[in-house]
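The values are calculated or read from the model by the stated rules, or taken from the named source; none is laboratory data. Model, not experiment: these values are computed from the prediction. For neighbour counting, all protein chains shown are included, and Cβ atoms are generated from backbone atoms with ideal geometry for every residue, glycine included. Note: areas computed on protein heavy atoms with side chains; ligands, DNA, RNA excluded. Shrake-Rupley method; radii C 1.70, N 1.55, O 1.52, S 1.80 Å.
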Amino acid sequence: SAYAILVEKASQSLILYEMQEPPRPVFRMRCSTGKNPGPKTVSGDAKTPEGVYFFHQEFDEKHLSPIYGVKAFPTDYPNLMDRLAQRTGSAIWLHGTDKPLKPYDSNGCVTVENADLLALSPFITLNRTPIIIVERIPHPHGHGGGKDAAAVEALLESWRRAVESGSGADLTACYEAGAWLPSWWEEWTGRQAILTASGAPLCLEMKAPAVFRTRNTLVAVCDPYLR
């Protein structure tokens, strides 16, 4: 996806950006977020979470109750950072509405007018297009990321090499938690060993990487290709 969605609670605005250098706003629309101020912390607090999230499903009007309008995109809240911070709750969606749109009127979702959501939906790719929710959009301090960008690129390359080689020690070195391996690691290393034993060349490529930042959290997403 070449696009990202940014929600600013303070102005009750949703902005679609095309990811170029610098990012270019494509269009802006009114939105509504949670009735209560601040980032979501517990289930039922009627607050909208803040952070970087991704859409994992898309529902059309025939699968929705009228309160969700013509379309809805569930997000992956609570994500890893939320779970580490013990934030609870679920069902944080971007959706339309059949009612007049009012500011600060949702139970935690991001709500827009039906016509705006239909215009926005062609730019959304599931598991790829981020929705970045903040209280206020910070003033930009240049572009490119500088040392942060170089550090993230180096970390991604270390991760890629560890997965490609099947080295558990090198992979755990990529994680702050230390001796932690993802749930798919055992299955992958079994397949990797078979391929290596066959003498077939093995190459893992990470295409279309993108990095999104909120405060002190950087979220990287890419498409891994195995040859």
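Here is how the numbers come out for the structure above:
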read-out	value
Residue pairs meeting the criteria (Cβ under 6 Å; at least 6 apart or on separate chains; first touching a residue at least 40 places away in the same chain (Cβ under 8 Å) and over 13 Å from Q20 (Cα atoms), in region 204-217; second open to solvent by 40 Å² or more (accessible area, probe 1.4 Å) and among the acidic types (D, E))	L204/E164
Test: residue in region 98-111 that is small (G, A, S) and either at pLDDT 95 or above or touching a Lys or Arg at 6+ places or on another chain (Cβ under 7 Å) (or both)	yes
Any hit, region 52-60, residues being within 21 Å of I137 (Cβ to Cβ) and either of a type in the set (A, V, I, L, M) or at pLDDT below 95 (or both)	yes
Single unsatisfied condition, L202 versus (1) within 30 Å of K40 (Cα to Cα); (2) part of a loop (DSSP other than H, G, I, E, B)	(1)
Any hit, region 195-203, residues being surrounded by 10 or more Cβ atoms within 10 Å (Cβ to Cβ) and either under 20 Å from L218 (Cβ atoms) or without any contact (Cβ under 8 Å) to a residue 24 or more places away in the chain (or both)	yes
Residue in region 34-45 that is surrounded by the fewest Cβ atoms within 10 Å (Cβ to Cβ), counting only those that are in a loop (DSSP other than H, G, I, E, B) and among the small types (G, A, S)	G44
Residues that are surrounded by 15 or more Cβ atoms within 10 Å (Cβ to Cβ), in contact (Cβ under 8 Å) with a residue 60 or more places away in the chain and not in a strand (DSSP E or B), drawn from region 104-118	D105, N107, G108, C109, V112, E113, D116
Which numbered condition A162 misses (of (1) open to solvent by less than 20 Å² (accessible area, probe 1.4 Å); (2) closer than 27 Å to T41 by Cβ)	(2)
Test: residue in region 159-168 that is touching a Cys at 6+ places or on another chain (Cβ under 7 Å), under 18 Å from A210 (Cβ atoms) and either touching a residue at least 24 places away in the same chain (Cβ under 8 Å) or not charged (D, E, K, R) (or both)	yes
Any hit, region 14-33, residues being part of a loop (DSSP other than H, G, I, E, B) and over 20 Å from the mean Cα position of the chain (by Cα)	no
Region 54-90, subset touching a residue at least 60 places away in the same chain (Cβ under 8 Å) and either assigned to a loop (DSSP other than H, G, I, E, B) or touching a helix residue (DSSP H, G or I) at 6+ places or on another chain (Cβ under 9 Å) (or both), residue surrounded by the fewest Cβ atoms within 10 Å (Cβ to Cβ)	H56
Of residues in region 1-13 being open to solvent by less than 50 Å² (accessible area, probe 1.4 Å) and in a strand (DSSP E or B), the one nearest to I137 (Cα to Cα)	E8
